[in-house]
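Q: A single structure is presented below for examination.
FYI, it's all coordinate maths here, none of it is from the lab. Fair warning: this is a prediction, and the values are worked out from it, not measured in the lab. Neighbour counts run over all protein chains shown; Cβ positions are idealised from the backbone, glycine included.
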Amino acid sequence: MDKVCVKYYGDKVWMCGDTYESLVWNDIEKPTKEKMLELYAFVLIDETRTQINKLLAESNFRVLTDYEKDKDLWIQYRKKLRDLPATWVDGMDVPSPP
């Protein structure tokens with residue numbers, strides 16, 4: 001929950017615990033548990049996109065015209081990475097490199 005508080009309520013006064021019930025809000029009404037879970041899903045998606053972008057950047061050289069070793073496998077891997085945000089659900093692992 002603390003990631004949600006920092007990202008979406010950084011300008012508010014709150015004390016964050018490990019659970020929704022332990023959240024304490026001092027200057028606004030406490031958001032509903034459903035709202036916090038919805039925002040947490042967005043945080044997870046953002047973190048996954050950041051990880052995907054890092055993995056794509058790290059593998060860029062493997063699809064250059066002069067790179068030969070397992071090039072087709074790397075192209076498939078990078079496609080899976082790019083497609084992942086559209087199919088991602090909480091708990092899904094990011095594809096492993098070849």
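Q: If you plug each phi of segment 39-52 into the Karplus form 6.51 cos²θ - 1.76 cosθ + 1.60 with θ = phi - 60°, what whole-Hz ³J(HN,Hα) values come out, in order, with x for Gly and Pro?
A: Along segment 39-52, the couplings run 5, 5, 4, 5, 4, 4, 5, 4, 5, 5, 4, 4, 5, 4 Hz.
Q: Would you mind pulling out the separation of the Cα centroids of segment 29-98 and segment 1-27, in Å?
A: 27
Q: Could you list the trypsin sites (Lys or Arg not before Pro) in segment 19-98 that lie in coil according to DSSP, counting only those with at most 12 other Cβ atoms within 10 Å of their Cβ?
A: Of the trypsin sites (Lys or Arg not before Pro), the ones in loops of segment 19-98 whose Cβ has at most 12 other Cβ atoms within 10 Å are 69.
Q: What is the extension gain from residue 25 to residue 90, computed as 0.36 nm multiplied by their sequence separation minus the C-alpha to C-alpha distance, in nm to one decimal?
A: 20.7 nm
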